[in-house]
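Encoded as structure tokens, the structure appears first; notes follow it.
The values are calculated or read from the model by the stated rules, or taken from the named source; none is laboratory data. Note that the structure is a prediction, hence the values are computed from the model and not measured. Here Cβ is always computed from backbone atoms with ideal geometry, including for glycine, and neighbour counts include all displayed protein chains.
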Amino acid sequence: MSFDFASDADLALQKAIFECLTTDAGVSEFVGSRIYDAVPGDTGFPYLTLGEAQVDDWSAGEAEGREHWLSLNVYSRSGGRAEAKAIMGAVHRALHDAELTLDGFALINMRFQSAETRRESDGATWRGTIRFRAVTEPLSE
């Protein structure tokens with residue numbers, strides 16, 4: 001069976017991020033176990049989702065690196081954006097410069113890029129989006 005390095009690295013990073021967030025006390029304080037890739041229909045607030053992800057070539061010489069751009073989304077109905085910002089702060093503390101272990105790949109770095117909050121069209125939900133950039137390389141055999 002053949003695998004695509006970009007998607008394999010992306011999936012390994014996603015799994016490591018999910019593991020980090022689900023075991024981080026600061027994140028759990030806000031969302032408990034409500035961290036999703038696919039959100040169930042009856043989910044309570046607040047919760048956190050794995051958002052958009054993009055993988056680009058970051059190869060240099062013989063090193064087959066990949067650059068990952070990823071987003072996480074926070075959803076809150078606490079009456080304002082403060083809770084969404086607090087959750088994004090916990091996510092930042094958990095992931096910025098994190099030393100995550102990836103299956104088959106080395107995480108070279110993981111850095112915060114940007115964050116924003118906005119009110120959703122329902123008028124009651126606040127969404128916070130926090131973005132990170134990561135670089136991975138395959139482990140040497």
Per-region count, the stretch 33-55, residues in contact with a Phe, Trp or Tyr (Cβ under 9 Å, 6 or more places away or on another chain), of a type outside the set (S, T, N, Q), part of a loop (DSSP other than H, G, I, E, B) and farther than 18 Å from residue 132 by Cα | 4
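Kindly provide the set of residues from the stretch 81-108 that are part of a loop (DSSP other than H, G, I, E, B) and either on the phi < 0 side of the Ramachandran plot or modelled with pLDDT of 95 or more (or both), ordered by number.
81, 96, 97, 98, 99, 100, 101, 103
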Here is a list of conditions, (1) touching a Phe, Trp or Tyr at 6+ places or on another chain (Cβ under 9 Å); (2) modelled with pLDDT of 95 or more; (3) surrounded by 15 or more Cβ atoms within 10 Å (Cβ to Cβ); (4) under 30 Å from residue 138 (Cα atoms), and residue 14 meets all of them except one; can you say which number that is?
-> (1)
Check residue 7 against each of (1) outside any loop (DSSP other than H, G, I, E, B); (2) within 30 Å of residue 124 (Cα to Cα) and name the one condition it does not meet.
-> (2)
If the Cβ limit is 9 Å and pairs must be 6+ apart or interchain, which residue in the stretch 101-123 that is touching a residue at least 40 places away in the same chain (Cβ under 8 Å) pairs with which residue that is among the β-branched types (Val, Ile, Thr)?
-> 102/136; 105/136; 107/101; 107/135; 107/136; 108/135; 108/136; 113/130
The stretch 49-80 - residue that is at pLDDT 95 or above and of a type in the set (A, V, I, L, M) and, of those, farthest from residue 16 (Cα to Cα) = 74
Being under 15 Å from residue 22 (Cα atoms) and among the hydroxyl-bearing types (Ser, Thr, Tyr) is the filter; apply it to the stretch 34-48 and report the residue that is surrounded by the fewest Cβ atoms within 10 Å (Cβ to Cβ).
-> 36
Where residue 101 falls short, out of the listed (1) over 23 Å from residue 138 (Cα atoms); (2) in contact with a helix residue (DSSP H, G or I) (Cβ under 8 Å, 6 or more places away or on another chain); (3) among the β-branched types (Val, Ile, Thr); (4) surrounded by fewer than 16 Cβ atoms within 10 Å (Cβ to Cβ) = (1)
Take residue 88 and decide whether it is more than 14 Å from residue 137 (Cβ to Cβ), among the aliphatic types (A, V, I, L, M), buried (at least 18 other Cβ atoms within 10 Å of the Cβ) and free of Cβ contacts under 8 Å to residues at least 60 places away in the same chain.
-> yes
Identify, from the list 52, 62, the residue that is in contact (Cβ under 8 Å) with a residue 12 or more places away in the chain and charged (D, E, K, R).
-> 52
